[in-house]
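The values are calculated or read from the model by the stated rules, or taken from the named source; none is laboratory data. Because the structure is a prediction, the values reported are computed rather than measured. With ideal geometry, Cβ positions are generated from the backbone for all residues, glycine too; neighbour counts draw on all protein chains shown.
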Amino acid sequence: MKMYLFGGVVIFVFNLAIVKSGLEQRIIGGSTAEIRNFPFYVSIRTYPNNYLCGGAIIDRYWVVTAAQCVYSKYRNNILVVAGTDALNGTGDRYGVYSIHIHPLFNPNARTNDTALLKLTRSVTFGKNISSIALGKDVLSDGKTLELCGFGAFAYPFTSMSSNLKYIEIKSISNAQCSAVLNRQIHNSNLCTKGKSGKGACVGDVGSPLIKRGGFFGKTKLYGIVSWDSSCGQGRPDVYSSIIGARPWIKEITGL
């Protein structure tokens, strides 16, 4: 089953002005990030310039984000901004040709929380803009990962950061995650846990969780922010798993 949204009835109103929303995931305890180190990062906005979510470039025509960000939205009201680490930066702007929602997306449970945006034109790659490879291997416990995004960098919440932030966090098993959160973690999700004071929180749903490839290896995308449990207060954060979504991503994009 495929879902192609070229417009339609708005079911969820998640149009976020650049400051606050329950949908937003904010990087707590983050350090300033330079876009050249995260050139695949994009901000997804609604016209004229309202921040909505984060995302990642996976091909010249394709961006991956969280389904909850764009579920039943009008594609002609969305733009993708690449090549800037400033919240209000202009960067390179791309229109959206079509929105593809994972057919098993459950907006209440936030399972299979993955969406693909096909752009209206090819992304121009350069020093500050490029794609990221998709992860293939299941992450074992304790792997060092990085999460980047905009948002409050302290708890309790403050206004969103004007600059991109990043943190290092560790992977944990879904079983561990489930035990700590006292709820079932679906196999379409993966979890991380950071030190107290570091993590996602209530701006960057859809933002990329990556694993650096070392000197010779490729940096790869393993998750996109779906929901948090404690805003950097030492409990796990939950992502939509790229590995779980790969068969569907390949079906839609050929990647």
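Just to check your reading of the model, which residue among ILE224, ILE167 is over 19 Å from THR111 (Cα atoms), at pLDDT 75 or above and crowded, with 23+ Cβ neighbours inside 10 Å? Checking each option against the conditions leaves just ILE167.
The combined condition, being more than 15 Å from the chain's Cα centre (by Cα), closer than 24 Å to GLY194 by Cβ and in a loop (DSSP other than H, G, I, E, B), is fulfilled by SER140. Filtering the range 18-58 to residues that are acidic (Asp, Glu) and at pLDDT 95 or above leaves only GLU34. For the range 79-107, a residue qualifies if it is in contact with a Ser or Thr (Cβ under 6 Å, 6 or more places away or on another chain) and over 20 Å from GLU251 (Cα atoms), and the qualifying residues are VAL81, LEU87, GLY91, GLY95.
GLY135 meets each of the listed conditions (1) at pLDDT 95 or above; (2) closer than 15 Å to SER226 by Cα; (3) crowded, with 20+ Cβ neighbours inside 10 Å apart from (2). Restricting attention to the range 203-254, the residues that are assigned to a loop (DSSP other than H, G, I, E, B) and either among the aromatic types (Phe, Trp, Tyr) or in contact with an Asp or Glu (Cβ under 6 Å, 6 or more places away or on another chain) (or both) total 3.
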